[in-house]
Amino acid sequence: MQAVILVGGKGTRLRPLTDTRPKPMMTVVDRPFVTHQLDHLQRHGVTDVVFSCGYLPDALRDHFGDGQDRGLSIRYVVDPEPLGTGGAVRNAWPELDPSATTLVLNGDVLTDIDLGAVLARHRERAAAGTIVLTPVADPGPFGLVRLLADDSVEAFVEKPAPEELRPGEPFRINAGTYVLEPALVQGIPEGEPCSIERDVFPAVAAQGGLYGHPSDAYWLDIGTPAAYLRANRDVLAGRVRTDSPVGDAHLSADVVLGARASVGGGSVVGAGCRLGDGASVSGCVLGDGVRVGSGAELSGCIVGAGVSVGDGATVGEEVVVGDGAVVAPGATVEGPVKVPTDGLVDDDGVRESEHAGR
Ligand code: GTP
């Protein structure tokens, strides 16, 4: 079984953290996010993986190489221009076995769905394509996928208005996990940007052969700051099956905690971080090499690598601090706000560093 993981997006909603790394390389607990996806694939016996890259491809290549050290065969294709999710799958075709079924994963979905069961249903139906679907309370911001009684796709309803919804119908959205037959992949126009969700699937559904696979498995798109924090908390709490340790918090290697410093509430502290006396960190993710001063209080925020938080500073909920930024001693920053890479927070608020652009 071969898999394509779509990892080429710019991850704009996670800026400024994605200024310096692609979203799939953002750490979730103790490993880059996409490693959880590789672990998941390997648990289902999938070892042949193509990364469909675009934005910052070298970060993935440098980290994973050919995958042999982890028992995988990993290959890379890089979009010549952003091709969208459909164009990117088509662009991976030369790296795929043209006679084999392909699993396609969005590179930002945390799930422990039983992929074997999805494949088995796909084969039983002799489907051209199968889309995993996940339930939502409100389909309004998403694209509703409506199924017929045999689970074939009846319609895609983009961002449905309340009057478009049928009484009692299940609200299911595309979960970003697909099983595709070669003819479907080959049928995607070559070299043209297109969206698999909005362009390719509606056309295939109209011809027949496209099925939905409703699933209640854990599912989370990690693409916003709130969702990224939640992914870390949920992995730590064991709400989703992964190979990461569970616990109230995760401290990476070489973390130094001062006297009475506290870390909890599903926090993740990166390698080489130093927390001063009485510092408190709750429900946060701290990148590598962060300095937190004495008595500083951090809660519900994401702090990039190499950030310095001064003594007695406060960083609150929904604050995203870019790599290398400085929060001055005693400063307070409340979210939602993004502090730019190498930015500065002091009594005058959030600003670009005087060194920005150097
Ligand atoms: P936002 O900019 O925050 O919306 O994030 P994103 O760029 O990741 O876009 P989105 O969440 O819609 O993408 C879903 C998945 O497809 C992610 O795993 C992306 O990496 C991937 N993706 C999106 N667009 C492209 C593309 O043009 N090429 C490739 N290769 N992958 C893409």
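Mean-square fluctuations from a GNM of the chain, with a 10 angstrom spring cutoff on Cα atoms, peak among 75, 239, 274 at 239. Close amide H contacts of residue 319 (hydrogens built in the peptide plane, cut-off under 5 Å, sequence separation of 5 or more or a different chain): 302, 335, 337.
Given +1 at the Cβ of Lys and Arg, -1 at the Cβ of Asp and Glu and no other charges, the dipole of segment 108-147 around its Cα centre is 280 debye to the nearest 20. Expressed in Å, the radius of gyration and Dmax of the Cα atoms of segment 249-352 are 11.7, 35. In the elastic network of the chain, a GNM with C-alpha springs shorter than 10 Å, the most mobile of 22, 82, 336 is 336.
Hey, what's segment 1-99 come to in accessible area per residue, 1.4 Å probe, Å²? Don't skip to the end; give the middle numbers.
On the way: 3800 Å² over 99 residues.
For segment 1-99, the per-residue accessible area is 38 Å².
I need to check one value: relative contact order of segment 211-306, counting alpha carbon pairs closer than 8 Å and at least 6 residues apart, in percent.
Numbers: 222 pairs, mean separation 18.9, N = 96.
Computed value for segment 211-306: 20 percent relative contact order.
Measuring from a point 7 Å past the Cα of residue 248 along Cα-to-C-beta, which residues in segment 296-334 have an amide N at less than 19 Å? What the label zone holds, given the 19 Å backbone N cut-off, is 296-301.
About the Cα centre of the chain, what is the dipole size in debye to 20, counting +1 per Lys and Arg Cβ and -1 per Asp and Glu Cβ, all else neutral?
Its charge dipole is roughly 420 debye.
Rounded, prolate or oblate for segment 1-113? Axes are the square roots of the Cα gyration tensor eigenvalues, ordered a ≥ b ≥ c, and the cut-off for rounded is a/c under 1.5. Cα axes put segment 1-113 in the oblate bin. Basic side chains Lys and Arg get +1 at the Cβ, acidic Asp and Glu get -1 at the Cβ, and with that the dipole of segment 249-352 about its Cα centre reaches some 300 debye.
Stokes-Einstein D for the chain at 4 °C, 1.567 mPa s, Kirkwood Rh over Cα pairs, in µm²/s?
Values: Rh = 21.5 Å.
Rounded to a whole number, D works out at 60 µm²/s.
Taking the 1.4 Å solvent-accessible surface of segment 3-127 as the whole, the part contributed by carbon and sulfur is 48%. If the segment from residue 81 to residue 150 were pulled out straight at 0.36 nm per residue, it would be longer than the present Cα-Cα gap by 21.0 nm.
Calculated [222 nm] ellipticity per residue, helices only, for the chain: -5000 deg cm²/dmol; basis is -39500 (n - 2.57) per DSSP H run with n ≥ 4, divided by all residues, nearest 500. Cross-link reach is defined here as a Cα-Cα straight distance under 27 Å, omitting same-chain residues fewer than 8 places apart; for residue 338 the lysines meeting it are 10, 23.
Note that segment 124-273 shows a convex hull volume over its alpha carbon atoms of 177 Å³ per residue. The distance separating the Cα centre of segment 112-129 from that of segment 152-166 comes to 24 Å.
The values are calculated or read from the model by the stated rules, or taken from the named source; none is laboratory data. Keep in mind it's a predicted model, so treat the numbers as computed, not measured. Heads up, the Cβs are rebuilt from the backbone with ideal geometry, glycines too, and the neighbour counts pull from every protein chain shown. The accessibility values were calculated without ligands, DNA or RNA, using every heavy atom of the protein model including side chains. Shrake-Rupley method; radii C 1.70, N 1.55, O 1.52, S 1.80 Å.
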